[in-house]
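The structure under discussion appears below in the form of structure tokens.
The values are calculated or read from the model by the stated rules, or taken from the named source; none is laboratory data. The shown structure was predicted, so the numbers you read here are calculated from the model rather than taken from an experiment. Note that we place each Cβ from the backbone using ideal geometry, even for glycine, and neighbour counts take in every protein chain shown. When the accessible area is computed, the model is the full protein with side chains, heavy atoms only, and any ligands, DNA or RNA have been set aside. Shrake-Rupley method; radii C 1.70, N 1.55, O 1.52, S 1.80 Å.
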Amino acid sequence: MAQPAAPPGYPNQNGAGQQPYSNGPVQNQPMHSSDGQGYSPSVPGSYSHQAPAKVPPHQSSGQYNYSGSQNVSQLNNYQGPGQTLNRPPVAPFSGSPVQQTGPVPQVLLPALQNSAAISSAGSFPPGASPPVLSNWQYSQTPVSQPVGSQTSHLAHVTGTGSAQPPLSVSGNTNPPGSYQYAASPGSPLLQNSYMKPGSAPVPVTQPLTPLHPPSRPPLGPPPVGGPPLTRLPTLTTGPPNTQSQLNPAANRDGDATSAASDGSVVQNSYDAIEGGGLMATPHPSPAPPNLKMNRNVGYSYPALPPGYQNTSPSGAPGMQASALQYPDGSKHFHQPALGTNHLTASMGGLSLQQEGLRPVNLLQERNILPTTLLKAPVPNLHEDIQKLNCNPELFRCTLTNIPQTQALLNKAKLPLGLLLHPFKDLSQLPVVTSSTIVRCRSCRTYINPFVSFLDQRRWKCNLCYRVNDVPEEFMYNPVTRVYGEPHKRPEVQNATIEFMAPSEYMLRPPQPPVYLFVFDVSHNAIETGYLNTVCQTLLDNLDLLPGNTRTKIGFITFDSTIHFYGLQEGLSQPQMLIVSDIEDVFIPMPENLLVNLNENKELIQDLLKALPQMFTKSLETQSALGPALQAAFKLMSPTGGRISVFQTQLPSVGMGALKSREEPNQRASAKDIHLTPSTDFYKKLALDCSGQQVAVDLFLLSGQYSDLASLGCISRYSAGSVYYYQSYHHKHNPVQVEKLQKELKRYLTRKIGFEAVMRIRCTKGLSIHTFHGNFFVRSTDLLSLPNVNPDAGYAVQMSVEESLTDMQVVSFQSALLYTSSKGERRIRVHTMCLPVVTSLSDVYLGADVQAITGLLANMAVDRSVSATLSDARDALVNAVIDSLSAYRSSVLSIQQPGLMAPHSLRLFPLYVLALLKQKAFQTGTNARLDERIFTMCQVKNQPLVYLMLMTHPSLYRVDNLTDEGALNINDRTIPQPPILQLSVEKLSRDGAYLMDAGSVLFLWIGKNCGQSFISQVLGVPNYGSIPQNMTHLPELETAESIRTLAFISWLREQRPFFPILYIIKDDSPLKPSFLQNMIEDRTESALSYYEFLLHIQQQVNK
């Protein structure tokens, strides 16, 4: 039952290497297509061609949701989040497909209510041959009839494209390829959901960044004492209320749906595949009368294994009465029900809870920073439920006690939102290989640990409360090999789980991994020497690129012209093709430019060795980045994949050329800095890329202003990443070379998901209204992620739309559907459960101060772009004032002098002050514009743990490290020194201090630092001998050196980027950078922590 081994040096590729749970053969054999997507049809009857979209198929919403953080208007007929649209009962198709006019997309065969179509046979003893009813079939046409006699658009495939060897329990006699996908006569063709390029123009009249709030009512609470952050206007597009003017009967899934001639609804997109979303409506969908079994439409499971086929009804003789007696149909089934018994009896009863609410006088209690890294608060749930809850590193909420009403949330003045790290590298990930993916028939929630089993045959959804049938196959537990315990299956025992998706979760065959590298080779670029480092790193890691035998690779270089490289078999050396017409870019010999990596490895290696030398004599100073990206997009469109572009200057010719907007003497004024793009070229190109499943990652290696505000759009809207190496030069700035090397290696070898979509669902009554991160919102709540990587974080804002009365708990679920680099379609699901509270003190009790800070930082970036930087700074300060004012006036029974905060929010003012001093939001002349924009990109794209380290660094004293309290990891002893406050008064001249600021480490050596540390760790005789630009510690055979190096390497291993270590003395030019991170001290342009507290107190007491 082992999965294919991961390539050497690349463990756990997309969950491989784990022991998957198996119910039989893998069912996601890809459908073959002739859809113009670069796949050659190997069988007749494949689904027909449809070109990809430059505009969304859904026309009534007016225009693209352009912004990466977007507001979703509320529909009048909204019935609660995460529901599917109201569909009539499914009937056989009759007549011809719907005639449509204009650029309306073709339709995709609907995934029926249960999207797990074909049950696997693996859980059955020898000889059992389960009947298979395909979900592609609406009428009860016998599957046994010849496929050729039907108008089948999914022809019979035998064993092709199997993502991995069949994972079966022994004795299965059905070959994995023996299932037939049969479409009913007259059913519409399966289509890709994209429209032809140019079929409707992208609206260009739309304002990119409106500086005024939208005219519709704000989604957040009303202001009190200044503009709270919950009212931040985000980048909205189109006329206000575009979404809410939709016809309620049409298209509540937000993406393209069309009515067939018989009134049934057919779907054609990822939205249809992933299931009902935010705007869908619950409904009681009755079973059609022609089904003999009392089973809901869409469930097609095999017969019972022979040993269970003649079982008596529950409670009858022949069954174990103790396990299966349910006198009343609603008795809770062995799984503790999510009710009052799951909450601790009294919210304030535990000492931990009392501590959380204890008032802290911030002006008197100065030593409030914990000496260890702050952990996420534990939700106040029964321990049986809490132990099943999602890891907070993957999924956490700003409030671990959810307020019952929006009025209560407004009163608390705290933002409600989620922070996600959905594709994080995990050492343990349960992988379920089964064709039965059990989901709620109403809202499409995946079954999870927080559903309730009413009895052995029925489960109740924890998001919409619909009662669903337990499918037959789900009764068998592949882990324990026991029948009749569905509540013990891995899906119900793990809050984080990955499913191998069957074929109905595909719009096309899983794409191969395709990597295209685009290099700037202008004179400026060659001068930096970056090409040597990048080509050598690529050479070293070619075999570790995630992929399989289908992996493709290609290269483009550019200056004022564009150079392609033919790498086809038979050539003795790579062939260079130059296109000088950058106004109308075309692709010469497209079939030879993206080639199979394994079959052409020698040519690829020759090219990488030759590239750094090819342009050394070049005097070409111009940069045609825009045309090079257009060429890359055209080359990648047929398949999708990843474009990695390396740029060293401001693009100067062709489409997308930019002019410098930075004036060094105006860096200080917060009013006139250019945080918005100067052109929409890169954003539009990114949206085209997103429509074709292409993501663009930008590596900017520049000493000059390069307008990252404009260039960054290419990555932001295509779900890519931005890397910035300021003043990169192989000789003048050698530490950047090591940083690029290490980060590029991680980038090339980390796991990757292709053609992904993500949807976040929450319990009925809660709604999501704004998203943050790098993606494009394809429909109201479906995030399009052409690539997904394990280092990306996302955030969402929520509101309480309907009162959560009678609810003890609410749940949140994120589902990420992606194609692994091995060509498997997978679904990674995270589910989190939190208690609902009715009192304001309980809301404060459950506040997660780090998550609140992270969400506010995302909102503040949006405010900086849509309004001004000073507006964003004011809003951050107001967030502290408002919440502490509300706590003082509504929770504190006895008014006390000083500045009182609940224990849970004691670090809130400190963290907000840290945000104000962070490069993204600070005022003062020392922040370069590109550096500020890059920090804003990081805020929007970093998982919370790294964002917090970047905002509030950790300071350690390291000249007296001991093994006391040390960690032992792989036979290494890692010292754990206490964390110190970020103030110069905590520094002693006779010590050495390490500051971990996330992307950089500073080791400050005091003037009177002990001689033993200087000689035994730094390897120099005395303080005066420490070199000015020292960036590495020598590896010495001393206990002090071993401890210090172990601690620093452990810190570095915790993150996906490589922090440079700077060793600084009193006279070091980097000392100001070190002191800038001393958050609690005063700087030229910012208050000290104590002064900030006095300012907050003055406002709170008004």
Inset, instruction - Taking just the C-alpha trace of the range 359-400, give me its Rg and Dmax in Å. - result: 14.2, 40
Legend entry - Which listed pairs, of Lys634/Lys683; Lys659/Lys683; Lys411/Lys1102; Lys424/Lys917; Lys552/Lys822, have C-alpha distances above 21 Å, in listed order: Lys424/Lys917
Inset, instruction - Distance between Cα centroids, the range 592-616 to the range 1064-1102: provide it in whole Å. - result: 51
Legend entry - Peptides ranked, highest mean first, by Cβ atoms within 10 Å: ranges 492-500, 607-615, 774-782: 774-782, 492-500, 607-615
Inset, instruction - Project the alpha carbons of the range 738-852 onto their principal axes and report the range along each, largest first, in whole Å. - result: 52, 32, 20
Inset, instruction - Could you state the orientation-averaged shadow area of the convex hull built on the Cα atoms of the range 362-478, in nm² to one decimal? - result: 11.5
Legend entry - In Å², nearest 10: area of His772 left accessible to a 1.4 Å probe: 0
Inset, instruction - Quick one: net charge around Val521, please, counting Lys, Arg +1 and Asp, Glu -1 for every other residue with C-beta under 12 Å from its C-beta. - result: -3
Inset, instruction - Sum up the charges of everything whose Cβ sits under 14 Å from the Cβ of Glu824, counting Lys and Arg as +1 and Asp and Glu as -1, but leave Glu824 out. - result: +4
Legend entry - Expected-Rg normalisation [2.2 N^0.38 Å, Cα atoms] applied to the range 1049-1102: 1.68
Inset, instruction - Quick one: which residues, 5 or more positions from Val810 or on another chain, have an amide H under 5 Å from its amide H? H modelled 1.01 Å from N in the peptide plane, none for Pro or chain starts. - result: Leu834, Val836
Legend entry - Under 14 Å, Cβ to Cβ, from Ser427 - net charge with Lys/Arg +1 and Asp/Glu -1: -2
Legend entry - Euclidean distance between Cα centres, the range 460-531 to the range 931-958, Å: 29
Legend entry - Rg(Cα)/(2.2 N^0.38 Å) for the range 866-937, N = residue count: 1.38
Legend entry - His729 - accessible surface, heavy atoms, 1.4 Å probe, Å² rounded to 10: 20
Inset, instruction - Could you order Arg828, Arg550 by accessible surface area, starting with the largest, using a probe radius of 1.4 Å? - result: Arg550, Arg828
Inset, instruction - Just read off the accessible area of Ile437 with the full protein assembly in place, 1.4 Å probe, to the nearest 10 Å². - result: 0
Legend entry - Percentage of interatomic Cα-Cα distances in the range 460-572 larger than 26 Å: 54
